[in-house]
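Report on one structure; see the data block that follows.
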Amino acid sequence: MWDKSPTRRIARFALLLAAALILSWVEAILPFQIPVPGVKLGFANIVLLYVLYTDSVPSAVTFGILRALLSGFFLGRLSGIFFSLCGTVLAVCGMALLKKCRCFSSLGVSVAGAVLHGVGQLCAASLLLTPAVWSMLPLVGISSAACGVVTWLPLRILGRYEGILEPLGGKNMNKD
Amino acid sequence: MNQKVRIWDFLLIAALVAACACAWLIPRETGASATVSVDGEIVAVLPLSQEGEFLLPMGGRVVVRDGKVSLCDAVCEDKLCENMGEISEEGQTILCLPLRVSVVISGEVDAYVG
């Protein structure tokens, strides 16, 4: 029953947040980048998806917002915080809806999340810069979809190891 | 998370990609001028018919050559804006998110007043 304790939940959440920040940093120091503005591989999205599937939707939303803020501060991309906040919020909400309708596996949810992240960033850019940024939607959408598939793969591989991806209060934990 | 991938996943991905591809296929015409904005405010309008250069206040140049526009010597950290290459069709855009600069091609020359 100890998995129900709020302390454990908070510790787990913090641990995952740290993991997501490390992944953001690793992504930032990679020697190659995707040549489309605003589009990244989105390693941190792996952890976000994990939180969405093993914790609750409110946790995932909080996770996304905190990650966007903290990685903005840590990586010194203050100008990007608003963009990634818009992207994250839209992505988490969309992924939560898709997950809820039960038609899609984590692949569909991951890809839709990636595309929505791009769309959210374009929303932010069209507000801050100029509405003409929407002309980049095809490029951003298609490259984001590809990134969504790439970030889904590690999750899939992790899922093969039983017990790792048990939800909070899942069957393995309830045995205790 | 361990569910099997379903046909719906592929349909969803196909639908998203198709929607983006459709937006790509809309024919565009060659533009007449390039509007340079910083922080959402227009700072310059360059006609594509003549060669020219605009120095951005924070560093970097918007260059018009052979009817095509590109951004050079940007001072941002990622240089994605430089890598976007040359644009010349109506609606095409060069963006630099770190510098908050956008260059948009528009159809009319007299779009800029004042």
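List of remarks:
- Scanning region A:22-73 for residues that are of a type in the set (D, E, K, R) and farther than 16 Å from A:Cys147 by Cα yields a count of 2.
- Here the condition is being within 15 Å of the chain's Cα centre (by Cα) and at negative phi; of B:Glu51, B:Glu77, B:Glu41, B:Glu82, it holds for B:Glu82 alone.
- Filter result (more than 16 Å from A:Pro138 (Cα to Cα) and in contact with a helix residue (DSSP H, G or I) (Cβ under 9 Å, 6 or more places away or on another chain)) within region A:98-112: A:Leu98, A:Lys99, A:Lys100, A:Cys103, A:Phe104, A:Ser105, A:Ser106, A:Leu107, A:Gly108, A:Val109, A:Ser110
- Qualifying residue in region B:13-25 (condition: modelled with pLDDT under 80, closer than 30 Å to A:Cys101 by Cα, facing chain A (nearest Cβ under 9 Å) and part of a helix (DSSP H, G or I)): yes
- When each of A:Leu139, A:Leu158 is tested for being in a helix (DSSP H, G or I), within 11 Å of chain B (Cβ to nearest Cβ), surrounded by fewer than 17 Cβ atoms within 10 Å (Cβ to Cβ) and at pLDDT below 90, the lone residue that passes is A:Leu158.
- Residues of region B:43-91 satisfying the condition of being touching a helix residue (DSSP H, G or I) at 6+ places or on another chain (Cβ under 6 Å) and part of a loop (DSSP other than H, G, I, E, B): B:Ala74, B:Gly91
- Residue-level check: of (1) touching a residue at least 60 places away in the same chain (Cβ under 8 Å); (2) farther than 21 Å from A:Gly80 by Cβ, A:Ala125 misses just (2).
- Residue satisfying all of: in region A:92-104; crowded, with 20+ Cβ neighbours inside 10 Å and more than 17 Å from A:Ala44 (Cβ to Cβ); farthest from the other protein chains (Cβ to nearest Cβ) among these: A:Lys99
- Test: residue in region A:27-39 that is among the polar types (S, T, N, Q) and part of a loop (DSSP other than H, G, I, E, B): yes
- Filter result for A:Arg12 (away from chain B (no Cβ under 12 Å), modelled with pLDDT under 90 and buried (at least 16 other Cβ atoms within 10 Å of the Cβ)): yes
- Within region A:82-122, the residues that satisfy the criterion of being touching a residue at least 12 places away in the same chain (Cβ under 8 Å) and among the hydroxyl-bearing types (Ser, Thr, Tyr) are A:Ser84, A:Thr88, A:Ser106, A:Ser110.
The values are calculated or read from the model by the stated rules, or taken from the named source; none is laboratory data. Everything numeric in this text was worked out from a predicted model, so none of it was measured. Note that we place each Cβ from the backbone using ideal geometry, even for glycine, and neighbour counts take in every protein chain shown.
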